[in-house]
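Visitor: Sharing a structure here in structure tokens format.
Since every read-out is calculated from the coordinates, none of them should be taken as a lab result. This one's a predicted model, so the numbers in the text were calculated from it and none came from an experiment. Cβ coordinates were reconstructed from backbone atoms using ideal geometry, including for glycine residues, and neighbour counts include every protein chain displayed.
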Amino acid sequence: MTSTEAWNRTPFRRVWAGSMVSELGTAVSTLAMPLIALRMLSADPLEVSILTALPAAAFLLCALPFGVFVDNHDHRLIMIAADIGRALVTMAIPIAWALHLLSLPLLWAVTFVSGCLTVLFTLAYQSIIPSIVPRSGLVHANARMAIPPSVSEVLGPSIGGVVVGLIGAPLAVVFNCVTFVGSGALLSSFRVRDRPARPPRRRLLGEIRAGLEFVFTHRILRRITLCLGVTNFFVSMRTALVVVFVSKDLHASAAITGATLGAGSIGGVLGAVVGGRLIARYGDLTTLWKMKSSFGWVVILVPLGFHGAGVLVVAAGLFASSFTAMVFSIAQTSFRQSVCPPELLGRMNASIRWVIWGVMPLGAATGGVLATVADTRTALVVSAVGMAGSVVFVATREFRGSSIRQRER
């Protein structure tokens, strides 16, 4: 199946459009919420850090039980309910502001609950794709689905800045509520039978164990999960420090810092655009190996930046890193959807997400400690070496000649 054939399926177009709408809205809130904390509630850096860490905490706490829930209920209805829930919860911010009841604990609570609903939405949408696109179209479908988050990373901060500047941070959150409603409306406009027959239900822990066992007893999925977990740990180290490195150590202006970081987002967009073609040519597993072995080492450019034109070196490293990560993400998502039984999709996705998101707060904390004990550049070198070294998990024969199409034969 070609990219055009996948796109011509109405359910897939609606899911894609809903994702694009909600991603842009979320990008606005991602900017607005910290600004509310800083400018209106006089939050200190630790309090803002807690705010930004809560979405990852939601994945760590909720992913596994939510995976069980997703496997037992209609995926489309879950996504609609999550959108409506996020719209209602997020509206608490502008309402509290209008009533002069806005507080930091409320901001934390809204962020965490919204993060939990995002976990539910994400697991359901990753599980619904194999139901609305045939297996031969998974790569092209996942490549298309990678575009909304990539575009929102590029355009989101600019749109968020304009919206916040025009109507203020509390009212800018309303924009996000509207996008959630729009996403829910798009998902309500089609029907699909995507709930597979399941064996008799077990207790919650037994259901969770089934998902974890599938991931960690499957030789290739286990390697992919470990590779992603190690990569995300070291990426989180870099994410926590790269702004400090560029703006403080390299003495770049705010505009130059933003442009340098934006280069990474552009790399992700390019990866989403060409990822499907690369996977169609080399196969999903071989693409994982090629991305890690060929481009994975370019991340070492980030800590090699220097004052002045040296920010271009940092930008090149971020661009290559995001490009590699996006193509890798499309390939591994398509692979795991193709090998997982339909009745386990929610728990399989939840198990992998639980691992690869759970390590991120640890990585960020480790980066902060290392930068304090040594310096920022040293911490970024360790981060780059760790990201590049994760190639060892995909440096086996299985990753050098297999694809979805070959397995179907």
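Visitor: Running a GNM on the chain with Cα contacts under 10 Å, which residue among LEU250, LEU54, LEU166 ends up with the highest mean-square fluctuation?
Guide: Highest fluctuation of the listed residues: LEU166.
Visitor: What number, in nm² with one decimal, is the all-direction average of the projected area of the convex hull of the alpha-carbon atoms of the stretch 215-288?
Guide: With the hull built on Cα positions only, its mean projection is 6.3 nm².
Visitor: Determine the distance separating the Cα centre of the stretch 71-108 from the Cα centre of the stretch 226-285; give it in Å without decimals.
Guide: 29
Visitor: Hey, another quick one. Would you please give the FRET efficiency between ASP375 and LEU88, computed as 1/(1 + (r/R0)^6) with r the Cβ-Cβ distance and R0 = 35 Å, to the nearest 0.05?
Guide: Efficiency, rounded to the nearest 0.05: 0.15.
Visitor: Now for a separate question. Computed from the coordinates I sent, Rg/Rh (Cα atoms, Kirkwood Rh) equals one of (1) 1.16; (2) 1.22; (3) 0.95. Tell me the label.
Guide: It is the one labelled (3).
Visitor: Taking only DSSP H segments of four or more residues, each worth -39500 (n - 2.57), what value at 222 nm results for the chain once the sum is divided by all its residues, to the nearest 500 deg cm²/dmol?
Guide: Per the formula, -25500 deg cm²/dmol.
Visitor: Okay, next question. Report the calculated FRET efficiency for VAL273 and LEU101 (r = Cβ-Cβ distance, R0 = 41 Å), to the nearest 0.05.
Guide: Once the sixth-power term is evaluated, E becomes 0.35.
Visitor: For the stretch 1-195, build the charge dipole from Cβ charges (+1 Lys, Arg; -1 Asp, Glu) around the Cα centre, then report which of ALA82, SER188, SER29 sits farthest towards its positive end.
Guide: SER188
Visitor: Rounded to the nearest 20 Debye, what is the dipole magnitude of the chain about its Cα centre when Lys and Arg each give +1 and Asp and Glu each give -1 at the C-beta?
Guide: Charge dipole of the chain: 1480 debye, to the nearest 20.
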